[in-house]
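The values are calculated or read from the model by the stated rules, or taken from the named source; none is laboratory data. This one's a predicted model, so the numbers in the text were calculated from it and none came from an experiment. In this analysis, Cβ positions are derived from the backbone assuming ideal geometry, glycine residues included, and neighbour counts consider all displayed protein chains.
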Amino acid sequence: MGEATGRPQPATVGFVGLGVMGLPMARNLVRAGYPVRAFDVRDEPVRELVADGAVAAGSCARAAEDRDVVLVSLPDSPQVESAVLGPDGVSEGARAGAVVVDLSTIGVSVTRRVAAALSERGVAYLDAPVSGGRRGALRGALSIMVGGPAEAFDRVRPVLGVLGATVTHVGGCGMGQVFKLCNQVVCALNIQAVCEAFALGRAAGADLTLLREALSGGAAGSWMLDNLAPQMIDGDASAGFTIQLQLKDLRLALEAAFEAGVPLPGAAQAMALYLEARAHGEDANGNQALFRVYDRLTGHTDG
Ligand code: NAD
């Protein structure tokens, strides 16, 4: 990708959505030498990225104009649909031949609708949700699960390689989102398992730091034990990946399961615990705040 000027030029990049994930991803692209033009409805992250060398855009359309690749990292389906297809959206700016890559976790049917609308304008669309959290985004070490046309995937592969250590083309349009929902089912059940083990250990007088270390070295080891359990133990609820976003992902997984007629008793139970957390005002806290549900279930009060 990029203009032919004797030696290969890096692809020009538009970036929409500079949140917990988007800002570090966009920053990694700037540092890797990609020309990035970025937009967010909030000014602050745009200013931060401009200080690193990006150019600010005043709208999604402007971020997409004349770009080879337009990356989108937004909370949920409605934001992606309006940022891409709405007034002043990406589709108004994107040129024929560009590739729009959605890094957000959103619904499969919305994904296919957006892809079809862009395709009418000669713009390719890839659903490319990510796993690995803020740390993975900061380190350029995400796992990226990409659905959509193989030819478009091949063209944006170098750009995605800056963001992720594992970049996998997993099938046609929407399959990236399917993989990500499967990923979220594993994550939700795994963090619930860690909370339960910690609740049991704590009630029996265990040192949770020792418990975490011992479990990490054996068959119970997991990303959750490595990355979120230390914050559980410290009572640090800062996000990260919020309770609200995981509730959205569980809703998407359970909707997909309903449509497919597949019972997911574990995910349904995990969702009940996340709803309990939300009812106690934990929406904006990190996923490790699920342990606070077990504080309440067990009458634990001393933090
Ligand atoms: P976030 O809420 O921190 O960031 C979203 C950004 O989008 C915000 O900066 C917001 O101002 C901006 N925004 C909202 N509407 C917009 C619009 N119409 N136009 C332009 N900007 C707009 O969310 P996040 O944690 O960065 O997550 C982004 C996506 O990545 C979500 O789909 C989430 O499920 C997924 N994800 C998050 C994590 C994580 O650890 N946070 C991990 C994996 C995947």
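Quick look at the values:
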{"item": "Neighbours by Cβ (under 7 Å, 6+ apart or cross-chain): first from segment 36-64, assigned by TED's automatic domain parsing to the domain that holds residue 20 and of a type in the set (Asp, Glu); second near the ligand (Cβ under 10 Å from one of its atoms) and at pLDDT 95 or above", "result": "40/17; 40/18; 40/46; 48/23"}
{"item": "Test: residue in segment 15-22 that is in contact (Cβ under 8 Å) with a residue 24 or more places away in the chain and more than 11 Å from the ligand (Cβ to nearest atom)", "result": "no"}
{"item": "Segment 35-58: number of residues that are assigned to a loop (DSSP other than H, G, I, E, B) and either loosely packed, with under 15 Cβ neighbours inside 10 Å or at positive phi (or both)", "result": "4"}
{"item": "Output for segment 78-109, where each listed residue is more than 12 Å from the ligand (Cβ to nearest atom) and among the hydrophobic types (A, V, I, L, M, F, W, C)", "result": "94, 96, 98, 99, 100, 101, 108"}
{"item": "Selection within segment 135-147 - part of a strand (DSSP E or B), within 12 Å of the ligand (Cβ to nearest atom) and not hydrophobic (A, V, I, L, M, F, W, C)", "result": "143"}
{"item": "Wholly within segment 178-245, helices (runs of 4 or more DSSP H) carrying at least 3 residues that are within 18 Å of the chain's Cα centre (by Cα) and touching a residue at least 24 places away in the same chain (Cβ under 8 Å)", "result": "223-227"}
{"item": "Segment 112-134: number of residues that are more than 22 Å from residue 161 (Cα to Cα) and either within 14 Å of the ligand (Cβ to nearest atom) or part of a loop (DSSP other than H, G, I, E, B) (or both)", "result": "4"}
{"item": "Criterion: surrounded by 16 or more Cβ atoms within 10 Å (Cβ to Cβ), within 13 Å of the chain's Cα centre (by Cα) and either without any contact (Cβ under 8 Å) to a residue 40 or more places away in the chain or not assigned by TED's automatic domain parsing to the domain that holds residue 231 (or both) - qualifying residue of 94, 115, 141, 137", "result": "137"}
